[in-house]
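Okay, so here's the structure we're looking at.
Readers should treat all values here as calculations from the given coordinates under stated rules, not as data from a laboratory. All figures in this text were calculated on a predicted structure; none of them were measured in a lab. All Cβ positions, glycine included, derive from the backbone under ideal geometry; neighbour counts span all protein chains shown.
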Amino acid sequence: MKKMMELLEAELSSAFEAAGYDPSYGRVTASNRPDLCEYQCNGAMAGAKTYHKAPIMIASDVAAKLHESPVFSMVEAVKPGFINLKIREDFLAEYLRDMQADELLGVSRAKTPKTIILDYGGPNVAKPLHVGHLRSAIIGESIKRICRFMGHKVIGDVHLGDWGLQMGLIITELRRRAPELVYFQEDYEGAYPEEPPFTIGELEEIYPAASARSKEDEEFRNEALLATHLLQQGKRGYMALWNHIMNVSVPDLKRNYDSLSVEFDIWKKESDAQPYIPDMVKRMKEEGFAYENQGALVVDVKEENDTKEIPPCMILKSDGSSLYTTTDLATIVERRKLFDPDEILYVVDKRQELHFIQVFRCARKTGLVKDETKLSFLGFGTMNGRDGKPFKTREGGVMRLENLIREIDEEMFRKIVENRSVKDTDARKTAEQVGLAAIKYGDLSNQATKDYIFDVDRFTSFEGNTGPYILYTIVRIHSILSRFEEAGGSLAQGRIEPAASEGEKNLMKELIRFAPTVESAYEEKAPHKICAYIYDVSNAFNSFYHDTKILSEENAMQKQSWIRLLCLTKKVLTIAIDLLGFSAPERM
Ligand code: ARG
C-alpha cells in the first residue's frame, strides 16, 4: 500500500510537471496552519530561483492544474508562494478502506529482513530488580515488538550479569558467615548439596551487606576479587554456589519480567561467554592488538577524530580475571557463532556509553564482527523521582521494582473502584493491566535518551497524555461496538464513507498516519513517537465521539460507516499499544 504522503506528492508532482516545472518540487508536508489547510506544498518557493519567477506565479500555475483533482478538494496558491491543500473526503475514505483491508494497516515490511540481537533487561543475578532495570526492560521490549512488526527476526537476550565482582562478594560474605559450609573445604571431592544454603530473601540481603563491607574492609574486598577470579577459573565449590545462586535467582527474575509482560527469547548470561575468552585473548595477543599495560592486558581504541579521551579497552585484569568488557566482547564472538546477526542492539543506561564505545571499537578493530554487522547502543536516561533526583524509596533506599509496581497497582485499583462498579476481583486484575500501561506509557512517552520524572499521580491519571487515558479510549470504543452488536448489528458490514464532519475528518487524518509513524519509530528506535501518535488519535476520537451520536443515528449507511471507522480506530490503537508492550482490558 502506498503512503498517503506519496499519493499526495505524486499528485502535486504531476501538476508541477504539467505546468512546466520540475516534478521534484512537489513535496507535501502536513500543514503549519491547520486553520487554513490540511497539507501544504512549498515547492514554488524553492523553485523561484531556478525559474526566475515570483513564487506566487509558480504556485498559481500549479494550482490551476489541480482544479479537477481527484485527490484535493481545495488547492490555493497564497502569497508569497505556498500551495495550501485540503484532501477530498471521498479520497480519504477510500484510502481508509484500503488500510482497513490491509493486515498491517499500510505498514511496509522490510524487504530484506535482518537478524537482530536485542540485548536488554541486563539484570544481575542475586540482586533484586530495581527501578534502574525497568527502563531497559520496557524500552527493549517495545523495540523488539516494533522490529518484529517491521518483519525482522529479533532475538531478545536478557544477558544476565552473573560473572562479575558481585558473585565474588556474595561468595566471600557467605564464607565469612558460614565458613564450615562444604563449598569452602579445599579438599572436598564429594557431591555438593542439592539444596541451596540460602533463600532468595537471604540472597538479596547478602549482596548489599557484602557490597557495603567491601567498601570499608580492604581485605574483604581483595578476598572477593580473588573469589571472582577463582569462580571464573571454574573452582568446584564456587561453581556449585554459583549454580545455587542461579537456581534461586533466575525464577525470581522470570516472575518479575512476567509481571511486566517482558519476554526474552533467550536467557543467556555473561558466563556463557567464558569458553570463548581464552581463544579470543590469544588471538588479540598474537595479532598484535592486545598489549600489557601496568600488568593488565589492553587494546587501544582511541581514534584520530576523538574529541574526548577514549581510554584503552581492558581485556584482562592484572590477575588474569575478566571484566565487563571481556564478557561483552566474548559474547559478541558467541553471538556471531550462534546467530550470525546483522545487528546487535544494546538497550542500556546511557551512563555506560563509554563502555560500549570501547567494546564496539575493540570488536571492529580486532575483527570479532564482520564489517557489515551493525553494533548499536541505545542509551537511555535516568528515571528520577519528583525531586528530580534518581528514584528512591521514601526512606531513601533503592526502590525494588516489585514495590514500585505494587504501588502503582494500588493507586490504579483505588481509582478504578472509585470510578466504577466493577466487581472486586475483576478490579484487581484490571488495575494490574492498567497499572502496567501507566508505567510503560509513562516511560515510553519520553524520548528514551532523556531523563524523566516518574510521577505516580500523573501516570495513573485517566486524563491527559497517559496510558490509562489511551486504554480508556479503547475501552470506550469497545463498549460502543459491543452495544451495537448486542442490538443485532454486524461489525463486518458496510464501509467507511466520506467524513460527515470536520471532527470525523480529523480522526481519519490521524488514522492514516499509523504506517509512517510506526516506520519512523522503527528507523529511529523511538517508541515515544508511537505514544505521541496514539495520544493524537485518542484525542481526535474523543472529540469526534463527543460531537456524534453514533448508536442513535437513523441513517443505516451512515451508522455502519461510523462503526467501521470505530473498528479501524480500535485496531490502530490496539496494535499500537501492543507495540508498546501493554494491552487493554474490556472494561475499566
Ligand atoms: N548487567 C548490566 C548492569 O546492570 C547491564 C548489562 C547490559 N548488557 C550488556 N551486554 N552489557 O549494568
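Among Asp387, Asp342, Asp187, rank each residue by its count of other Cβ atoms within 10 Å, from fewest to most, as a rough exposure measure.
The most exposed by this proxy come first: Asp187, Asp387, Asp342.
For the range 380-446, calculate the relative contact order in percent as a whole number, restricting contacts to Cα pairs under 8 Å that are 6 or more residues apart.
Values: 37 pairs, mean separation 16.0, N = 67.
After rounding, I find 24 percent.
Quick one: Karplus J couplings for the range 176-187, per residue in order, coefficients 6.51, -1.76, 1.60, θ = phi - 60°, nearest Hz, x for Gly and Pro?
5, 7, 9, x, 6, 4, 5, 4, 9, 7, 4, 9
Could you list, in their original order, any pairs among Lys235/Lys282; Lys302/Lys529; Lys53/Lys86; Lys215/Lys389 whose Cα atoms are separated by more than 29 Å? Before the final figure, lay out the partial values.
Values: Lys235/Lys282 22 Å; Lys302/Lys529 35 Å; Lys53/Lys86 25 Å; Lys215/Lys389 24 Å.
Long pairs (Cα-Cα over 29 Å): Lys302/Lys529.
For the range 449-588, build the charge dipole from Cβ charges (+1 Lys, Arg; -1 Asp, Glu) around the Cα centre, then report which of Pro468, Asn555, Val572 sits farthest towards its positive end.
Checked the options; the winner is Asn555.
How large is the dipole of the chain about the Cα centre if only Lys and Arg carry +1 and Asp and Glu carry -1, each at its Cβ, rounded to the nearest 20 debye? Write down the numbers at each step before the final one.
Numbers: 77 positive and 91 negative charges, 195 e Å.
Charge dipole of the chain: 940 debye, to the nearest 20.
The range 19-100: percent of C-alpha pairs farther apart than 20 Å?
On the way: 1079 of 3321 pairs.
In whole percent, the share of Cα-Cα pairs in the range 19-100 beyond 20 Å is 32.
Go through the chain and flag any cysteine with no other cysteine's C-beta closer than 4.7 Å, please.
So, Cys37, Cys41, Cys147, Cys531, Cys567.
Report the gain in length on full extension from Arg236 to Lys317: 0.36 nm times residue separation, minus Cα-Cα distance, nm rounded to one decimal. If you can, show how the numbers build up before the last one.
Values: separation 81, 0.36 × 81 = 29.16 nm, distance 2.20 nm.
Answer, rounded to one decimal: 27.0 nm.
Along the charge dipole of the chain, Cβ charges K/R +1 and D/E -1, which of Ala18, Cys41, Tyr257 sits furthest on the positive end?
Looking along the dipole axis, the top candidate is Ala18.
Any idea which of Tyr95, Ile117, Phe72 is furthest toward the positive side of the dipole for the range 52-122, if Lys and Arg beta-carbons carry +1 and Asp and Glu beta-carbons -1?
Looking along the dipole axis, the top candidate is Ile117.
Defining a contact as two alpha carbons under 8 Å apart and six or more residues distant in sequence, what relative contact order in percent does the range 275-408 show?
Numbers: 155 pairs, mean separation 25.0, N = 134.
RCO, the range 275-408: 19 percent.
For Leu316, what residues show an amide H to amide H distance below 5 Å, using hydrogens built from the backbone and excluding near sequence neighbours?
Leu297
When DSSP beta bridges are limited to those with both residues in the chain, what percentage is antiparallel, rounded to the nearest 5? If you can, show how the numbers build up before the last one.
Numbers: 23 of 44 bridges.
Expressed as a percentage, antiparallel bridges in the chain total about 50.
Could you pull out the pairs from Lys269/Lys370; Lys3/Lys114; Lys144/Lys374; Lys254/Lys337; Lys127/Lys374; Lys144/Lys269 whose alpha carbons sit more than 28 Å apart here?
Working: Lys269/Lys370 23 Å; Lys3/Lys114 23 Å; Lys144/Lys374 16 Å; Lys254/Lys337 26 Å; Lys127/Lys374 31 Å; Lys144/Lys269 19 Å.
Exceeds cut-off: Lys127/Lys374.
Just how far, in whole angstrom, is the range 511-549 from the range 363-411 if you go by their alpha carbon centroids?
When both Cα centres are located, 26 Å separates them.
Could you list Leu375, Leu260 in order of exposure, starting from the residue whose Cβ has the fewest other Cβ atoms within 10 Å? Write out the running numbers ahead of the final one.
Values: Leu375 18, Leu260 21.
So the residues, fewest neighbours to most, are Leu375, Leu260.
Could you please state, rounded to a whole Å, how far the C-alpha centre of the range 42-101 is from the C-alpha centre of the range 462-504?
If we compute the Cα centre of each part, the gap is 32 Å.
With n ≥ 4 as the cut-off for DSSP H runs, can you work out [θ] at 222 nm for the chain, using -39500 (n - 2.57) per run divided by the number of residues, rounded to the nearest 500?
Details: 20 runs with 304 residues, N = 588.
Result for the chain: -17000 deg cm²/dmol, rounded to the nearest 500.
List the GluC sites (Glu not before Pro) within the range 275-330 that fall in a DSSP loop (any state other than H, G, I, E or B) and whose Cβ has at most 12 other Cβ atoms within 10 Å.
Hits after loop and neighbour filter: Glu287, Glu303, Glu304, Glu309.
Restricting to DSSP loop positions (anything but H, G, I, E, B) with no more than 15 other Cβ atoms inside 10 Å of their own Cβ, which GluC sites (Glu not before Pro) remain in the range 4-98?
Answer by residue number: Glu68.
For a quick check: sort Thr228, Thr29, Thr517, Thr112 by the number of other beta carbons within 10 angstrom, fewest at the front.
On the way: Thr228 25, Thr29 13, Thr517 22, Thr112 7.
By the 10 Å Cβ count, ascending: Thr112, Thr29, Thr517, Thr228.
How large is the dipole of the range 318-477 about the Cα centre if only Lys and Arg carry +1 and Asp and Glu carry -1, each at its Cβ, rounded to the nearest 20 debye? Mind showing how you got there, number by number?
On the way: 26 positive and 26 negative charges, 35 e Å.
So the dipole magnitude of the range 318-477 works out to roughly 160 debye.
Take the Cα gyration tensor of the range 74-149, multiply each eigenvalue by 5, square-root it, and list the three semi-axes largest first, rounded to whole angstrom.
Values: eigenvalues 394, 75, 33 Å².
In descending order the semi-axes read 44, 19, 13 Å.
For the range 167-223, which GluC sites (Glu not before Pro) are both in a DSSP coil and crowded by at most 16 other Cβ atoms within 10 Å? Working shown, then result.
Numbers: sites: Glu173, Glu180, Glu186, Glu189, Glu194, Glu202, Glu204, Glu205, Glu216, Glu218, Glu219, Glu223; in loops: Glu180, Glu186, Glu189, Glu194.
Passing both the DSSP loop test and the Cβ count: Glu180, Glu186, Glu189, Glu194.
Compute the relative contact order of the chain as a whole-number percentage, counting only Cα pairs closer than 8 Å that sit 6 or more residues apart in sequence.
Working: 936 pairs, mean separation 85.4, N = 588.
Reported as a whole number, the value is 15 percent.
How compact is the chain by the rule of thumb for globular proteins, expressed as Cα Rg over 2.2 N^0.38 Å? Kindly include the intermediate steps, with their values, before the conclusion.
Working: Rg = 29.2 Å, N = 588, 2.2 N^0.38 = 24.8 Å.
Ratio of Cα Rg to 2.2 N^0.38 Å: 1.18.
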